[in-house]
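The values are calculated or read from the model by the stated rules, or taken from the named source; none is laboratory data. Keep in mind it's a predicted model, so treat the numbers as computed, not measured. Glycine also receives a Cβ, built like all others from the backbone with ideal geometry; neighbour counts cover every protein chain displayed.
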């Protein structure tokens, strides 16, 4: 049997020791056998709590584990157009982005993930980490840039940061059999007059991935992003007295894919995402091939604790009922 205590064992001993001392002293000094049995039950309750907090377990077999020696960089457009409401049933495109990032995480277990977002400026939101929960937490809280501060942006503004991030990962893992994948998620809409920056400088560091496009040719309206948390509906961005419509620019997205040597895929809510396999050289089973599992037993002791607590509550309720009965009898007699 093995133990995974919720607190340091010595702390648990100190916490439980006082209760056991009081209970044992009352067993010794109890005037009747009934009282001794009652305090013995309470001693057992304290000891069961102690064992439960030790979290006992027994080995429960082996599970084969997969390690993926792959670094995956995800670049997400967070300009105002990413919340254009033409994903599925008039939902923001950002909902599709979140769903697809979750699919990417599920498809490459054991990989390291990093996140870049870009609007007016590119930002490395999350350095490479194996903590997929941290990635999804970052994606869940993503919001587009504040509308009032927007000055237009380029869909290629993250090109240099993408290259730097991938190059740093390659140099840090130099000599190791580790691959890198890139997923670019955006709508391709260029809102500045300059041409789209080239991603070709990052191509040599990319072993696979996809350029994923969101939006429709008809376009979708965009809610104003105020940056406030007052719950008021800020309304939609307007242009010349009507809702401004954001439309996908697939030509820009296809160019980015060409620069990186990656396939472009237009995403819609009614189609499943298609993801490439991780590079063969970077996917293998761990050397040990398995990790040990354990079967937790704390719940057995927890059930016993619940049963004893139920007994104590029932006894307390019975005593209260008797006391009320006696009080009512005395009141009637007077």
Original post:
Would region 142-160 turn up any residue that is in contact with a helix residue (DSSP H, G or I) (Cβ under 9 Å, 6 or more places away or on another chain), under 16 Å from residue 114 (Cβ atoms), without any contact (Cβ under 8 Å) to a residue 40 or more places away in the chain and surrounded by 14 or more Cβ atoms within 10 Å (Cβ to Cβ)?
Top reply: no
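Let's see how each residue does on (1) over 24 Å from the mean Cα position of the chain (by Cα); (2) closer than 30 Å to residue 196 by Cβ; (3) outside the structural domain of residue 297 (by TED's automatic domain parsing); (4) outside any strand (DSSP E or B):
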| residue | (1), (2), (3), (4) |
| --- | --- |
| 14 | yes, no, no, yes |
| 24 | yes, no, no, yes |
| 27 | yes, no, no, yes |
| 36 | yes, no, no, yes |
| 44 | yes, no, no, yes |
| 71 | no, yes, yes, no |
| 98 | no, yes, yes, yes |
| 104 | no, yes, yes, yes |
| 110 | no, no, yes, yes |
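Results for (1) touching a residue at least 24 places away in the same chain (Cβ under 8 Å); (2) crowded, with 19+ Cβ neighbours inside 10 Å; (3) more than 16 Å from residue 169 (Cβ to Cβ), shown as yes or no for each residue.
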{"position": "98", "(1), (2), (3)": "yes, no, yes"}
{"position": "104", "(1), (2), (3)": "yes, yes, yes"}
{"position": "112", "(1), (2), (3)": "yes, yes, no"}
{"position": "118", "(1), (2), (3)": "yes, yes, yes"}
{"position": "121", "(1), (2), (3)": "yes, no, yes"}
{"position": "128", "(1), (2), (3)": "yes, yes, no"}
{"position": "132", "(1), (2), (3)": "yes, yes, yes"}
{"position": "137", "(1), (2), (3)": "no, no, yes"}
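Of the residues 259, 277, 270, only one is surrounded by fewer than 12 Cβ atoms within 10 Å (Cβ to Cβ), at pLDDT 90 or above and either farther than 30 Å from residue 50 by Cα or out of contact with any helix residue (DSSP H, G or I) (no Cβ under 8 Å at 6 or more places or on another chain) (or both); which?
The match here is 270.
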